[in-house]
Every structure is written in structure tokens, then in C-alpha cells.
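First up is the structure itself, then whatever we jot down about it.
The values are calculated or read from the model by the stated rules, or taken from the named source; none is laboratory data. Keep in mind the model is a prediction, meaning the values are calculated, not measured. Virtual Cβ from ideal backbone geometry, glycine too; neighbours counted across all protein chains shown. Quick note on the areas: whole protein, heavy atoms, side chains included, nothing else; ligands and nucleic acids left out. Shrake-Rupley method; radii C 1.70, N 1.55, O 1.52, S 1.80 Å.
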Amino acid sequence: MITNKKPRSSDTDSNYMRDDRTEMSEDDDRSPPSNSITHDSSPTRTCNPGPGSGSSSVPEYLAPCPDQVLENVLENVLWFLTSRKDRNAASLVCRSWYRVEALTRSDLFIGNCYAVSPKRAMSRFTRIRSVTLKGKPRFADFNLMPPYWGAHFAPWVSAMAMTYPWLEKVHLKRMSVTDDDLALLAESFSGFKELVLVCCDGFGTSGLAIVVSRCRQLKVLDLIESDVSDDEVDWISCFPDTETCLESLIFDCVDCPIDFDELERLVARSPSLKKLRLNRYVSIGQLYRLMIRAPHLTHLGTGSFSPSEDVAQVEQGPDYASAFAACKSLVCLSGFREIIPDYLPAINPVCANLTSLNFSFADVSAEQLKPIISNCHKLQIFWVLDSICDEGLQAVAATCKELRELRVFPVDPREDIEGPVSEVGLQAISEGCRKLQSILYFCHRMTNAAVVAMSKNCADLVVFRLCIMGRHQPDHVTGEPMDEGFGAIVKNCKKLTRLAVSGLLTDRAFAYIGKYGKIVRTLSVAFAGDSDMGLKYVLEGCPRLQKLEIRDSPFGDAALLSGLHHYYNMRFLWMSACKLSRQGCQQITQALPRLVVEVIKHDDNVDMDEYVDTLYMYRSLEGPRDDAPRFVSIL
């Protein structure tokens with residue numbers, strides 16, 4: 001449901017390092033900001049010369065203090081340090097490193113918009129060009145969080161407008177963004193280049209029109225799984241009439257018609273466009289016209305992949321296969337909404353070069369998939385619906401030996417049906433795709449044996465998410481809990497950092513996770529566990545745990561209080577429909593005053609004095625937020 005260089009080490013190259021660093025921080029068509037870090041502009045502290053240092057008529061050479069020399073060298077080194085983890089570690093060395101690291105950081109990542117205030121973040125990091133900001137927790141994607149909970153972008157964009165005049169990139173995930181926010185963004189940053197909105201809401205086509213009309217250097221506009229309202233504004237026509245800088249345009253989530261003629265003209269005057277993902281209002285005939293205009297695309301989302309009604313009556317349509325064949329650089333293919341399977345063979349000419357294929361909107365059968373997948377020998381990422389059945393997964397396993405990521409989604413998410421994929425498909429994938437690193441697998445039945453086999457065959461797994469639909473489902477062959485299967489995953493997959501568990505699980509499964517999941521950072525639990533001991537095993541045994549999501553499980557106050565030693569090290573804890581009391585949550589706030597504890601009420605009939613519907617708990621440098629709605633009680 002997005003290379004490090006080594007600075008030259010000799011003293012004679014110090015000017016080269018300074019000049020190279022300055023070039024990295026400037027735009028070609030703009031002068032650097034007045035506070036650019038250069039040696040010439042840095043204040044130089046000097047040491048006082050000793051007695052007898054020479055006649056006063058001779059200019060004295062004032063050598064810089066060793067501390068200043070160290071900071072100058074450190075600046076040059078830190079400019080090439082791009083990893084957030086490495087930069088965070090560097091900032092903890094001492095005060096000097098803390099200061100210089102902040103001055104040389106250009107990318108700001110905030111994993112929880114309420115963990116720090118905009119003022120605090122921007123007073124420390126003053127030279128930021130790229131901001132990534134996350135809001136609501138992931139369970140909001142499953143309607144487990146009431147609307148209008150918060151995560152507003154408004155205070156952040158207001159602060160950035162005053163502090164970061166050179167801002168170029170904004171990436172938002174699960175944030176509430178208004179048209180006014182987008183207008184302020186477009187007005188405040190003359191060199192703005194990249195806007196990515198993932199799972200965001202609150203804005204519409206009016207806001208998009210303002211962004212594309214005013215941000216004339218825009219290179220990336222990616223709208224991914226966001227809720228965009230239809231304001232009946234033709235935003236596509238608001239792009240500049242001249243040649244654009246566009247490199248990526250993704251709007252497959254915008255569920256309203258567009259002016260296709262304007263889109264075609266936009267593609268024609270965007271020679272740098274590499275990524276294009278269309279919404280369902282673009283037919284396969286219109287797709288053909290766009291592909292003729294832009295054969296240099298590397299990533300393509302096809303739109304509806306069916307003809308429009310007026311074209312459907314024509315006997316002889318365009319040669320779609322030749323259009324795909326002309327796209328020699330195409331490596332990523334998605335879309336296929338409202339697909340007519342008869343058109344699917346048109347993509348055969350590009351299959352041999354594909355590294356990513358997304359059929360998660362394409363209801364295709366195993367027989368329809370086989371001719372396509374048999375040519376995808378380079379495929380590394382594959383998303384698909386379970387309509388392909390176990391037979392389709394066996395075909396994937398036979399061909400896609402380079403597969404790194406697989407996601408299998410349900411066509412019908414109901415719990416009381418017998419789904420088309422099972423342990424047979426999972427076993428086939430584990431035997432045929434030994435390089436697999438990430439899997440999300442929805443099914444209705446599973447066995448411990450198949451999961452154990454995957455743990456042994458795919459030892460490089462980093463992400464394992466098995467969603468057995470239907471509550472408390474055991475091994476459907478033996479009738480035993482799924483403990484041994486998940487236990488084998490955490491025991492044998494030494495690189496595992498993300499785990500989602502489901503099915504019939506006892507405390508033994510959580511004991512395995514606590515014992516072997518030493519580097520697990522994200523754990524999702526649904527309808528699992530049988531006592532407080534299960535959660536206690538996890539909280540006491542997983543020292544790297546950052547994000548813990550639990551729903552509909554029997555964990556209560558004792559389980560919650562067992563993690564007091566670890567909560568300050570976590571990004572958040574989410575528990576919904578568990579057995580928590582308000583008193584137990586209150587004990588957390590008393591023991592850990594710097595932790596924000598939110599109790600969320602979904603049902604007006606629930607007595608929040610006794611029962612906690614949803615607990616959302618996160619660390620924050622600012623304390624409780626001031627924009628909580630009425631259904632949120634901050635303890």
C-alpha cells in the first residue's frame with residue numbers, strides 16, 4: 001500500500017576541495033547564498049605571538065589556531081558524508097563536530113513531524129536544500145486513524161519560507177497539505193525543483209496548478225497514493241509554454257479527467273522526461289501517442305490500458321507493440337488499470353529489459369501472465385494480484401532468478417473465502433528466487449514448512465511481511481500455531497529489519513522474535529499473541545526496535561509497562577483494539593515525561609476513562625502538540 005566521493009588528502013589540494021565543495025552547493029544559474037561555507041568567509045581565530053616575535057614595522061604572520069584548522073578540515077570531510085546515520089553519529093562526537101555537521105548538512109529528514117518543532121529544526125540546520133517530512137503512522141493507511149488527526153504541513157512550510165530561501169526539494173509522506181500550503185511553497189522558493197507527496201491529503205488540482213505555473217525550474221512532481229480533490233481546474237495546462245525541466249511526472253492517483261492534448265504538448269516540450277505515470281483517464285490509444293513523443297522514457301505507468309469508447313469501434317488500432325519496442329530505455333512498467341488482457345502482449349518487446357513490473361492493478365490470470373513473465377529474466381521488483389494463483393507464482397520462480405522484491409496483493413480482501421494463493425506459491429518463490437530480499441504476501445492459508453523453507457532458501461531477506469487473512473489461522477495442514485515458521489525467519493534471516501506477523505501465534509513466536517530479532521527495527525502484529533508475555537519478550541529482546549504497530553491483540557497494561565526502558569529509543573508505538581486501560585497509559589507518562597502519549601477515541605460510545613481504543617506514543621523534544629483534535633486526549 002523513492003555515491004560518496006573521497007576528498008583528496010594532500011595539503012596542496014585544499015583549494016581544490018574548497019572549490020569542489022562550493023560547486024556542489026550552488027546552482028548553475030544562481031550565485032551562492034551569502035552564508036555559503038567557504039574558507040574566505042569563515043572568521044579566523046588567531047594565536048597571539050609571543051615576545052620577541054619581530055619588529056612592529058614588519059607585518060606579523062598570524063597562524064590560525066589548531067581548533068580552526070581542524071574545523072576547516074572537518075567541513076571539507078563532512079561535505080562528502082551523505083548517510084543520515086553517519087552524520088548523526090558525527091554530530092555526537094563533540095560540540096565542534098555538532099556545530100560543523102549542522103552547517104554542512106543540506107538534506108533534512110524528520111521521521112515524525114511532531115518529534116521536533118520547525119523552529120528547533122531550522123535554528124540548528126540553516127543551510128538546507130532538501131526536506132523530507134513524515135506525518136501520520138502507517139496504520140492510518142488502513143482507516144485505523146480518524147480523519148483530521150493532524151500532521152499539518154502549514155507550520156513547516158511557513159517556517160521554511162522564512163529560513164530556507166534556497167530550498168529545492170520537499171518530500172512529504174502522510175501529511176495534511178492544503179492548497180494554501182502549496183501556494184506558499186511555490187511563492188517562497190524561486191529555485192524549487194522537486195515535490196513528492198506520498199499518501200498525503202487535503203489539497204486539490206487548484207494547488208497543483210499554482211505549483212506547476214510558478215515553479216518554472218520544476219523537475220519532479222510525484223503524486224503517489226495521495227488523495228487529490230477535483231477542483232475542476234486544468235492543472236496540466238498551467239505548466240510553462242516553453243521547454244520544461246521535467247524529469248518525472250507521476251499523477252496516477254489523481255482521479256479526475258485531464259486535458260490530454262495539453263498533456264501531449266507538455267510531454268513533447270519536456271526532453272528530459274524519464275518517468276511518467278498516468279491516471280486511469282488516459283486510454284491505451286492516448287498512451288501510444290505519448291510513447292511516440294517520448295521514446296526515451298525509463299519508467300512508464302500506462303493508465304487504463306484499454307481503449308476509449310470512441311476508439312473501441314475501430315477495427316484496426318495502432319501498433320502498440322512497435323511503440324513499446326521503440327522505448328529502448330524502458331526498465332520500469334506499471335499502471336494497467338482497467339486492463340483488457342488482449343492488449344497485454346504489446347509489452348513483450350520491453351520485457352527482456354525490465355527490472356520492475358507492477359501488476360497490482362491488473363486482474364490477470366496465470367495463463368495471461370506466463371507469456372509475459374517468461375521474458376522477464378532481469379526482473380528485480382514484481383508487484384502483482386493474487387489472481388495469478390500459485391501457478392503464476394511458479395512461473396515467476398522459474399524465470400525471475402534476479403528477483404529482489406515481491407508483493408502479492410489480494411483481489412478480494414474478505415476473510416471468509418479460500419484465496420487463490422497459498423504455501424505452494426510461497427514455497428515455489430523461495431526455491432526459485434534465492435536472491436529475494438523483501439516480500440509482502442497476502443494469503444488465506446499457510447504452513448510452517450513453507451515459511452521455514454523460505455527462511456533457509458532466502459537467507460538475505462531484509463523484509464518479511466506475511467499477512468494471513470482470517471483471524472488466528474493455524475498451519476492449515478497440521479493445525480499447529482505458526483510459531484515455528486516465524487521463529488525460523490528471525491533465526492535464519494540474519495539481515496531481517498522489518499517483520500509483519502499474523503495467523504495463530506502463541507507467546508512462543510514472540511519469544512523467538514525477542515531471542516533472535518536483534519536488528520529488527522519495524523514490527524507489525526495483527527490478531528496475534530495469547531498473553532502479556534508475548535509483547536514483553538519483544539520489548540526486552542529487540543534492542544534496535546524503532547517502530548512497533550499492534551492491532552487486535554490481547555496485550556494489556558503489564559505488557560505496555562515492560563517497555564519503559566526502551567520507549568525513549570523508539571520512534572513510535574501504536575496499539576489499537578488491545579487491552580489497555582487509561583490508568584496504564586497514565587503510568588507511562590509519569591515514568592517517561594518526555595514521551596507524548598496520545599489516546600485516540602474512535603467511537604463516541606466508548607468510555608475513555610476505562611478503556612483505551614487506540615494508543616499512539618512517540619518521543620518528542622517539544623512535548624505535547626497544540627493542534628490535537630477533540631477525539632485525541634494527550635495524557
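Accessible surface calculations at 1.4 Å, restricted to protein heavy atoms, place the chain at 46 Å² per residue.
A dipole drawn for the chain from +1 and -1 charges on Cβ atoms has a positive end, and of VAL77, THR399, TYR618 the residue lying farthest that way is VAL77.
Taking segment 418-458 and a reference point 7 angstrom along Cα→Cβ of THR478, the backbone N atoms nearer than 18 Å belong to 423-424, 426-427, 445-457. Which of rounded, prolate, oblate describes the chain, given a ≥ b ≥ c as roots of the alpha-carbon gyration tensor eigenvalues and a/c under 1.5 marking rounded, otherwise prolate only if a/b is larger than b/c? Because a/c hits 1.5 or more and a/b fails to exceed b/c, the chain counts as oblate. Placing a label point 7 Å from the Cα of PHE142 along the Cα-to-Cβ direction, the residues of segment 513-548 with a backbone N closer than 16 Å are 522-529, 547-548.
So for each of 334-343, 435-444 I average, over its residues, the number of other beta carbons within 10 Å; can you give me the resulting order with the highest mean first?
Details: 334-343: 18.4, 435-444: 20.8.
With the highest mean Cβ count within 10 Å placed first, the list reads 435-444, 334-343.
GLY487 sits among other residues whose Cβ lies under 9 Å from its own Cβ, and their net charge, with Lys and Arg +1 and Asp and Glu -1, is +1. Only one residue of GLN427, GLY150, SER322 has its Cα farthest out toward the positive end of the dipole of the chain, where Lys and Arg carry +1 and Asp and Glu -1 on Cβ, and that residue is GLN427. For segment 342-394, a crude dipole built from +1 on the beta carbon of Lys and Arg and -1 on the beta carbon of Asp and Glu, taken about the Cα centre, is about 320 debye to the nearest 20. Rounded is the label for segment 331-392, because a/c, from the alpha-carbon gyration tensor with a ≥ b ≥ c as root eigenvalues, stays below 1.5. Only protein atoms count toward the accessible area here, which uses a 1.4 Å probe; on the chain, the carbon and sulfur part of that area reaches 50 percent.
Cross-linked pairs LYS456/LYS536; LYS378/LYS518; LYS401/LYS491: Cα-Cα separations exceed 29 Å for LYS378/LYS518. Karplus-derived 3J(HN,Hα) values for segment 558-567, using 6.51 cos²θ - 1.76 cosθ + 1.60 with θ = phi - 60°, are 4, 5, 4, 6, 6, x, 4, 6, 10, 5 Hz; glycine and proline are entered as x. Projecting the Cα atoms of LEU290, CYS215, TRP166 onto the charge dipole of the chain, computed from C-beta unit charges around the Cα centre, puts TRP166 farthest toward the positive end. Under 5 Å from the amide H of HIS152 lie the amide H atoms of SER176, each residue being 5 or more positions distant or on a separate chain, with H modelled from the backbone and absent for Pro and chain starts.
Note on surface exposure: LYS491, LYS193 rank LYS491, LYS193 by accessible area, highest first, 1.4 Å probe.
Under the 0.36 nm per residue contour assumption, what length would be gained going from the current alpha-carbon distance of LYS401 and SER96 to full extension?
Numbers: separation 305, 0.36 × 305 = 109.80 nm, distance 4.92 nm.
Full extension from LYS401 to SER96 adds 104.9 nm.
Stretching THR242 away from GLU338 to a fully extended chain increases their span by 31.2 nm, per 0.36 nm per residue minus the current alpha-carbon distance.
Computed from point charges on the beta carbon alone (+1 for Lys and Arg, -1 for Asp and Glu), the dipole magnitude for segment 293-389 about its Cα centre is near 580 Debye.
Under the rule a/c < 1.5 gives rounded, and otherwise a/b versus b/c splits prolate from oblate, where does segment 483-635 land using the Cα gyration tensor? Each step should come with its number before you reach the end.
Values: a/c = 2.17, a/b = 1.58, b/c = 1.38.
The shape class here is prolate.
What net charge do the residues around HIS377 carry, taking every other residue with its C-beta under 11 Å from that of HIS377, with Lys and Arg at +1 and Asp and Glu at -1?
On the way: positive: LYS378, LYS401; negative: GLU402.
Every neighbour counted, the sum reads +1.
Here the gap between ASP259 and ALA449, fully extended at 0.36 nm per residue and compared with their Cα-Cα distance, gives a gain of 63.1 nm. Using 20 Å as the cut-off for backbone N distance, which residues of segment 466-503 belong to the label zone defined by a point 7 Å from the Cα of GLU418 along Cα→Cβ? Zone members listed by number: 468-480. Each stretch of four or more DSSP H residues adds -39500 (n - 2.57); spread over every residue of the chain, this sum gives -8500 deg cm²/dmol at 222 nm.
How big is the charge dipole of the chain about its Cα centre, in debye rounded to the nearest 20, if each Lys and Arg gets +1 on its Cβ and each Asp and Glu gets -1 on its Cβ?
The dipole of the chain has a size of about 2820 debye.
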